[in-house]
Structure formats: C-alpha cells, structure tokens
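A short worksheet on the structure shown next.
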Amino acid sequence: MINQFLNNAWGQASNLFSAPIRRRRWVDLLVVAALAGIVMGLVLVAREWTVLQRPVVEINLSPWALPKYAILSFARAAVAFVISAAFTLVVAYWAARDPLAERFLIPILDTLQSVPLLAFMPVILLAMMSLFRSSNVGIELSAVIIIVTCQAWNMAFSFYQSLKTVPKELDEVSRGFGMNWSQRLRWVELPYATPGLVWNSMVSVANGWFFLMAAEAFKLGSRDFRLPGLGAYMSVAVDQGNVRAQVYAIVAMLTLVILLDQLIWKPVVAWSQRFQMDDAVKVEKRRSWLLRLLRRSEIWMRVRRAVTNLVPKRQPRPLAPSDISEEHTAFQRVLGGTMLILVLLALAFGGVKLVAVMAGVSSHEWLRLLQAGGASMARVLTSTFLATCWTLPVGLWIGLSPTWSRRLQPYVQVVASFPASILFVALIVALQRVGVNLFSSSILLMTISTQWYLLFNIIAGAQAVPMNLREAAKAYRFGLWKTSWKLYFPAIFPFLVTGWVTATGGAWNASIITEIVQFRGQTYTTFGLGAIVTQAADEGNIPLLAAAAILMALLVVLFNRLVWAPLYRLAETRYSVNR
C-alpha cells in the first residue's frame with residue numbers, strides 16, 4: 001500500500017489523459033476564448049487597483065454592470081486565497097517541523113482564528129491607506145487582508161494536522177529512500193495532505209465571501225471606502241430600495257458561486273481523490289465534466305505536456321543510512337529562531353501601541369463595553385443553539401445515508417458558499433416592517449450565517465461512524481433514539497465541538513453587521529458590542545473602537561479556553577471512536 005501510494009500518487013496524472021479520445025476543434029476555440037477572457041479580466045482588475053483614490057464610488061445598478069463587479073469580487077477572493085495558501089505552506093510546515101516554533105505559533109494561530117476580524121477592519125483600512133496614499137491599492141489590500149485572516153488559519157491547521165499525522169510507515173519509507181526535506185514534502189507530505197487541504201480550502205473560500213461582501217460596502221465616518229463589487233452593488237440597491245437590483249445581485253452572486261463550483265472545485269476535488277490513501281474507506285468517485293472536455297482540446301494537451309516537461313522527473317534515489325544528512329542543521333535552527341524572534345517582537349510592538357491607544361477609554365465606557373459584551377454573547381450562544389437544533393438531525397440524516405449524501409451535498413455546498421451578509425440589510429429592513437425588532441432579527445441572521453459550519457461538521461462526523469458499529473446496533477435491535485444516544489451522538493461529538501467553535505466565531509463577526517443597520521438615513525440598532533464597534537468606526541472614535549475590538553477578542557478567547565477546550569479534551573479522551 002505504501003509503495004503504491006508513493007509511486008502512483010503523482011504518476012496517476014498521466015493516466016487521466018492516457019485513454020485515446022478524439023480531439024474537437026470547437027473545444028480549442030473554447031480554450032482560446034477562455035484564455036482571452038482571463039487576460040481581459042486581469043487588465044480590468046489591474047486598472048481598478050491602480051486608479052487614483054476617488055472621494056465617492058459610483059455604483060451602477062444596471063444589470064449589465066454585474067459581470068464587471070463579479071470579476072472584481074472574484075479577483076479579490078482569488079488573491080486572498082493565493083496569499084492564504086502560501087501562508088499555509090510556510091507557517092504550518094514551520095510549526096510542524098520546528099518544536100520551538102510550534103510552542104509559540106500554534107497558540108498564536110489558535111487565538112487568531114477565534115478573533116472576530118471584522119472588528120479590526122477600520123484599523124487595517126487606516127494602516128493600508130497610510131501606506132498607499134494616492135492609488136486604490138490600499139483599499140483593495142485591506143479587503144484582501146480581511147479575507148486572508150478568515151481563510152489562512154483554517155487551512156494552516158489542516159496542513160499542520162496532516163503533517164503531524166503522516167503514517168509512521170510513510171515516514172520510515174521516505175527516510176529509507178534518503179529523501180531530504182524538500183523531497184519528503186513533494187513526494188509524501190503534500191500528497192498525503194492534499195484531500196484534507198482541498199476540503200478545508202472550499203470551506204475557507206466560502207467563509208471568505210462573507211467577509212468580502214462586508215468589506216466592499218465599508219464606510220468609516222463620513223468617508224466612503226466602498227469597492228466596486230457585488231457587495232457594494234447590493235448595499236446601494238438596498239439603500240435606494242431598488243428591489244429589482246437586489247434580485248439581480250442575488251442572482252449574480254448565486255451564478256458566481258455555481259460557476260466556481262463547476263469550473264474550479266469539482267475538477268480540484270476529482271484530481272485530489274488520486275491521493276486518497278485509505279483503501280478501506282469507500283469513497284465515491286467524483287468526475288468533472290470540465291476535465292473530460294479539456295481532454296478533447298489539442299491546445300490544452302500541448303500546454304499540459306509543455307508544463308509537465310518543465311518539472312524535473314527525477315525520482316528519489318535510495319541512499320545508505322550514513323549518507324542521510326541531519327534534517328535540522330545549525331543554520332536551520334538559527335534561521336528559525338531568528339524568524340520566531342521577529343514575529344514575537346512584531347506582536348509585542350503592536351500590543352504596546354494598542355495599549356497606548358486604549359488609554360483614552362474611561363472606566364464608565366469600559367463598564368458599558370462589558371455590559372454590551374454580555375448582550376452580544378447571549379445572542380451568539382442563542383443563535384448557536386438554534387442552529388444546532390436543526391443541523392443535528394438533518395446532518396445525521398444526510399451523513400448516514402449514502403444516497404442522500406450523494407444527492408444533497410453538492411447543493412448544500414453551493415448554498416453554504418452563498419454569502420448571507422449580502423442579504424442582511426434587506427432582511428433586517430423587511431423584518432422591521434412586519435414588527436420584528438432588531439434584538440430578535442439579529443439572532444435570526446446570526447443563525448443563518450453560522451448554521452453551515454455546524455451542518456458540514458455533523459455530516460462529516462456521521463460519515464465517519466464505523467459501519468461495524470452501525471451494524472451491531474441493528475443486530476441488537478436498538479431503536480432510533482437508543483442508537484442515536486449510544487452511538488451517533490457520542491461518535492459525532494468531536495465534530496460537533498469543532499462546529500460549535502467555528503459557528504460562534506462566525507456569529508461574533510455577524511454581530512458587527514446585524515446589531516446596527518443604516519437604511520435611508522435611519523439607523524436601527526440594538527444594544528451590543530457589535531453595534532458599539534460600528535458606531536465607534538462611524539464616529540472616528542479610535543480608542544473606543546480599539547477597546548471594543550480587543551474586548552470582543554478577549555471574550556471569544558476566554559470562552560474558548562474555559563468551555564470549548566475542556567469539551568475538546570472530553571471529545572478526544574472519551575468520545576473518540578479511534579481510541
């Protein structure tokens with residue numbers, strides 16, 4: 001099994017294209033048209049990024065402007081994903097291979113993934129504006145950084161966990177072949193981590209759309225920092241009460257999500273299945289119509305062969321044990337230690353500056369912030385409870401049924417990728433008109449934005465329930481309730497805790513959007529920490545804004561340490577089916 005994995009993981013790429021197939025010239029035309037479209041899109045994005053800063057961003061509500069806005073939104077998401085992937089490969093590998101760095105980096109990553117990052121949007125924006133005073137690059141980069149900060153942690157933890165759980169047999173074989181660190185990364189670690197990394201990339205990108213829609217419609221005080229995109233289009237349409245434009249924006253966003261699923265994620269998932277190592281797990285073969293179509297293009301095949309020829313084909317050469325050099329040389333240790341010191345110094349410098357900024361917050365304001373934090377936390381926990389009530393039975397039903405899992409998972413992925421934030425203002429205004437106050441509607445909208453984290457994790461947990469245990473429950477004639485209580489609930493508990501952690505983090509971010517809404521000169525607000533963050537940003541009260549953002553982050557981190565961490569330990573020690 002190990003030799004097959006090592007020898008065929010990368011080599012199976014050629015088998016996909018080895019079957020004889022007739023070429024089609026019309027497919028070549030499609031490939032050329034796609035390449036031309038990509039070039040035109042890059043030119044459009046370059047012009048938008050390098051244009052001079054505009055005091056007012058004019059958003060055209062014509063449906064013919066939506067393709068342009070969709071391209072600009074996708075470009076920001078794509079740049080953020082590339083940065084997140086690079087961060088993942090560097091930081092996660094560093095943490096997994098350097099014990100000293102691991103002690104500091106993992107707690108830092110764990111804290112950062114829990115911080116509600118929309119609260120820091122004004123700080124990031126002002127920092128980028130100070131660096132790029134004349135061009136639009138600063139505003140664009142602020143949106144990209146916000147997306148990176150919601151994608152990178154999840155992907156980094158996925159790669160880190162894969163590196164730490166590489167089977168011992170694979171590690172021994174790689175050392176027996178005399179592979180150095182780069183060869184092991186290419187031939188063993190990256191192939192082994194690919195399936196999990198692809199799945200977490202899909203979840204991270206879906207989460208990034210939520211942040212992007214909020215960042216594109218951002219205002220700070222009297223200044224308008226909106227970016228041309230689908231988020232700004234929807235914001236203007238809601239502000240003007242243009243229902244037709246709102247429908248256009250929803251259709252455009254849904255179309256973009258479906259196109260990305262068909263043109264990117266389905267081919268990537270089909271490609272990643274060749275790296276599946278566990279032969280005992282029955283995985284349904286995923287197929288992509290795009291990969292089958294590209295096989296009919298002569299131009300694509302020539303480009304593929306040219307790219308393949310550029311990659312060295314050298315196989316790792318077995319070496320004698322005496323020829324294998326030590327992995328962690330003195331130079332590597334010094335370099336890693338220096339980088340770690342720089343990271344810690346940067347964090348310390350930022351902390352000192354932040355404390356100096358918050359010195360202007362009075363004790364009365366701190367008391368008000370604590371009360372608002374309690375109100376927001378109550379909404380966050382209520383929304384998580386409501387989401388759990390429906391996702392738990394539905395997720396078990398989908399995950400335990402191979403038929404329904406195959407039928408519904410693609411639709412669930414598409415719906416989950418749709419950014420609920422694009423609808424928040426319209427839904428809040430509609431609920432206000434029927435008599436639902438913002439206190440209740442904010443809980444409902446938090447539930448909408450966080451339910452997918454729970455559903456995906458519960459489905460994954462249900463699919464991981466061992467078949468022999470399910471058959472044993474049937475043999476002993478357990479009823480539905482007893483089977484659920486004795487088998488299903490304990491088996492999915494580790495996945496459920498992961499879903500709770502990510503769902504509460506999403507709810508905290510949603511509180512910044514849902515606790516205060518401005519519509520046609522009217523402001524709807526409810527008491528909470530998210531509303532204070534938005535009000536402080538509008539008023540330009542930087543000390544209050546920094547204090548509210550830090551308090552929100554501290555509440556999340558403390559709740560993680562006091563509640564979620566013990567539940568994680570309980571899940572690992574008592575409810576893990578692999579122990």
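The values are calculated or read from the model by the stated rules, or taken from the named source; none is laboratory data. If you're wondering where the values come from, they're calculated on a predicted model, not measured in any experiment. So basically every Cβ, Gly included, is an ideal-geometry build from the backbone, and we count neighbours across all protein chains shown.
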query = Got at least one residue in segment 138-155 being outside any loop (DSSP other than H, G, I, E, B), modelled with pLDDT of 75 or more and in contact with a Lys or Arg (Cβ under 6 Å, 6 or more places away or on another chain)?
reply = yes
Cβ pairs under 8 Å, 6+ apart or interchain, first in segment 62-82 and over 12 Å from Glu48 (Cβ atoms), second of a type in the set (Ser, Thr, Tyr) and crowded, with 16+ Cβ neighbours inside 10 Å, ordered by first then second residue, are Pro63/Tyr248; Ala65/Tyr233; Leu66/Tyr233; Leu66/Tyr248; Phe81/Ser201; Phe81/Ser204
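Is it the case that Val533 is closer than 22 Å to Val394 by Cβ and part of a helix (DSSP H, G or I)? Working first, answer last.
On the way: closer than 22 Å to Val394 by Cβ: no; part of a helix (DSSP H, G or I): yes.
In short, no.
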Residue match in segment 197-219 (condition: more than 20 Å from the chain's Cα centre (by Cα) and in contact (Cβ under 8 Å) with a residue 60 or more places away in the chain): yes
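One line per residue, one yes/no per condition, for (1) closer than 30 Å to Trp187 by Cβ; (2) assigned by TED's automatic domain parsing to the domain that holds Gly499; (3) among the small types (Gly, Ala, Ser):
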| site | (1), (2), (3) |
| --- | --- |
| Thr88 | yes, no, no |
| Trp94 | yes, no, no |
| Arg103 | yes, no, no |
| Leu131 | no, no, no |
| Asn136 | no, no, no |
| Ser142 | no, no, yes |
| Gln161 | yes, no, no |
| Thr165 | yes, no, no |
Of the conditions (1) over 30 Å from Ala237 (Cβ atoms); (2) of a type in the set (A, V, I, L, M); (3) crowded, with 18+ Cβ neighbours inside 10 Å; (4) at pLDDT 75 or above, the single one that Val115 does not satisfy is (4)
In segment 164-179, anything outside any helix (DSSP H, G or I) and either modelled with pLDDT of 75 or more or in contact with a Phe, Trp or Tyr (Cβ under 9 Å, 6 or more places away or on another chain) (or both) is listed as Thr165, Val166, Pro167, Phe177, Met179
Thr523: passes all of (1) in contact with a strand residue (DSSP E or B) (Cβ under 9 Å, 6 or more places away or on another chain); (2) hydroxyl-bearing (Ser, Thr, Tyr); (3) assigned to a helix (DSSP H, G or I); (4) surrounded by fewer than 24 Cβ atoms within 10 Å (Cβ to Cβ) but (3)
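Please work out if Asn509 is under 29 Å from Pro122 (Cα atoms), in the same structural domain as Asp538 (by TED's automatic domain parsing) and in contact with a Leu (Cβ under 8 Å, 6 or more places away or on another chain).
Values: under 29 Å from Pro122 (Cα atoms): yes; in the same structural domain as Asp538 (by TED's automatic domain parsing): yes; in contact with a Leu (Cβ under 8 Å, 6 or more places away or on another chain): yes.
In short, yes.
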The residue from Ser401, Ser484, Ser417, Ser440 that alone is crowded, with 20+ Cβ neighbours inside 10 Å and outside the structural domain of Val251 (by TED's automatic domain parsing) is Ser417
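Each row is one residue, and each column tells you yes or no for (1) at pLDDT below 75; (2) farther than 25 Å from Thr502 by Cα; (3) of a type outside the set (Phe, Trp, Tyr).
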{"position": "Leu30", "(1), (2), (3)": "no, yes, yes"}
{"position": "Leu35", "(1), (2), (3)": "no, yes, yes"}
{"position": "Leu44", "(1), (2), (3)": "no, yes, yes"}
{"position": "Pro55", "(1), (2), (3)": "yes, yes, yes"}
{"position": "Val91", "(1), (2), (3)": "no, no, yes"}
{"position": "Trp94", "(1), (2), (3)": "no, no, no"}
{"position": "Pro99", "(1), (2), (3)": "no, yes, yes"}
{"position": "Met121", "(1), (2), (3)": "yes, no, yes"}
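Out of Ile459, Ile448, report the one residue that is crowded, with 22+ Cβ neighbours inside 10 Å, in contact with a helix residue (DSSP H, G or I) (Cβ under 9 Å, 6 or more places away or on another chain) and of a type in the set (A, V, I, L, M, F, W, C).
On the way: Ile448 fails: crowded, with 22+ Cβ neighbours inside 10 Å.
Among Ile459, Ile448, only Ile459 is crowded, with 22+ Cβ neighbours inside 10 Å, in contact with a helix residue (DSSP H, G or I) (Cβ under 9 Å, 6 or more places away or on another chain) and of a type in the set (A, V, I, L, M, F, W, C).
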Of the residues in segment 339-377, those that are assigned to a helix (DSSP H, G or I) and at pLDDT below 85 number 21
